[in-house]
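**Student:** After the structure tokens below, expect a handful of questions from me.
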Amino acid sequence: MSALKKGLVLEGGAMRGLFSAGVMDVMMEQGIAFDGIIGVSAGAAFGCNYKSRQIGRAIRYNMRFAHDKRYCSMQSFLKTGDLFGAEYAYHIVPEQYDKFDNATFEKNPTEFYIVCTDVVTGKPVYKRCMTGGHTAYEWIRASASMPVVSHVVELEGYHLLDGGMTDSIPLAYFQGIGYPRNIVILTQPADYQKTPNRLMPLIKWSLRHYPHTVSAMEHRHEMYNQQLDYVRQEEQKGNTLVIRPAEKLPIGHISHDPEEMKRVYEIGRTAGMQRMEEIREFLK
């Protein structure tokens, strides 16, 4: 009988994802390997470094470019329509300044999945990505393209935005494609419940050409809270190990403070180290 496939499930949360990056760096340092990884938004943007085995890369480039207006700024948004610079953040940085290791990414047999939202249908799209380079970076960009502050990304026949809009915690999807044993890294504490989005009028206007996605966003808090319930149920069954911060992380969706970023990353590292024995036992 073959061993059960082991997966790593990474939700988004923009800069809260640096908590996940801290956990992942500790797991990489300890030689923890997975058969598959699935990431949403920041989970995809930071999780790809697990497959390329680049410990410390996520926190390094975020701190380095924290004050660079080309990377993330209102100036970038007003000039290009993207808060996070589409070309600078997702191509120039990984190709020139903090190079993404495409060769290692491609040699590593770990399956890597990226979750996006097809804004035409209002449904999630799951992209299996085993090749690095330009197209992979575009899928990651699409997954992390938050509504209102990002252009819709046209890619491989899809019109795409943030995967968290339609499948924030893709545990059920990963189980459904053959990953029955998973570690899930969440970026909110155990008592968190999502509430309706206060920016819904702005989202409705921004996505006025995509009624199915508007509907998905109106119900997003319900979807997310149901997924939290599902994660807890699976955790109780013993087939899912959940790592989450003990309390609300001291960072917003966006941050231009390198020290704030480092603090959140270190909270993740501490959580990873505290749970390491449990992680090893779970994956045995």
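**Student:** Select, from Thr195, Thr187, the only residue that is out of contact with any His (no Cβ under 9 Å at 6 or more places or on another chain) and polar (S, T, N, Q). First the steps, then the outcome.
**Tutor:** Details: Thr195 fails: out of contact with any His (no Cβ under 9 Å at 6 or more places or on another chain).
Every option except Thr187 fails the conditions.
**Student:** Take Val214 and decide whether it is under 19 Å from the mean Cα position of the chain (by Cα) and of a type in the set (Val, Ile, Thr). Before you say what the answer is, go through the steps one by one.
**Tutor:** Values: under 19 Å from the mean Cα position of the chain (by Cα): no; of a type in the set (Val, Ile, Thr): yes.
So Val214 does not fit the description; no.
**Student:** Looking at Thr213, Thr270, which one is of a type in the set (Val, Ile, Thr), modelled with pLDDT of 95 or more and open to solvent by 20 Å² or more (accessible area, probe 1.4 Å)? Don't jump to the end; show me each part of the working.
**Tutor:** On the way: Thr213 fails: open to solvent by 20 Å² or more (accessible area, probe 1.4 Å).
The conditions single out Thr270.
**Student:** Being open to solvent by 10 Å² or more (accessible area, probe 1.4 Å) and hydroxyl-bearing (Ser, Thr, Tyr) is the filter; apply it to the range 155-174 and report the residue that is nearest to the chain's Cα centre (by Cα).
**Tutor:** Filtering first and then ranking leaves Thr166.
**Student:** State whether one or more residues within the range 216-236 are hydrophobic (A, V, I, L, M, F, W, C), open to solvent by 70 Å² or more (accessible area, probe 1.4 Å) and either part of a helix (DSSP H, G or I) or out of contact with any helix residue (DSSP H, G or I) (no Cβ under 8 Å at 6 or more places or on another chain) (or both). Outline the logic, then answer.
**Tutor:** Narrowing the range 216-236 to residues hydrophobic (A, V, I, L, M, F, W, C): 216-217, 223, 228, 231.
Then keep just the ones that are open to solvent by 70 Å² or more (accessible area, probe 1.4 Å); that gives none.
No.
**Student:** To continue, here is another question. For Met63, work out the one condition from (1) surrounded by fewer than 24 Cβ atoms within 10 Å (Cβ to Cβ); (2) free of Cβ contacts under 8 Å to residues at least 60 places away in the same chain it doesn't fulfil.
**Tutor:** Condition (2) is where Met63 drops out.
**Student:** Now a separate question. Give just the number: which of (1) touching a residue at least 24 places away in the same chain (Cβ under 8 Å); (2) surrounded by fewer than 18 Cβ atoms within 10 Å (Cβ to Cβ); (3) assigned to a helix (DSSP H, G or I) does Gly22 not satisfy?
**Tutor:** Exception for Gly22: condition (2).
The values are calculated or read from the model by the stated rules, or taken from the named source; none is laboratory data. Just so it is clear, the structure is predicted and the values come from calculations on it, not from any experiment. Heads up, the Cβs are rebuilt from the backbone with ideal geometry, glycines too, and the neighbour counts pull from every protein chain shown. Protein only, heavy atoms only, side chains kept; ligands, DNA and RNA dropped before computing areas. Shrake-Rupley method; radii C 1.70, N 1.55, O 1.52, S 1.80 Å.
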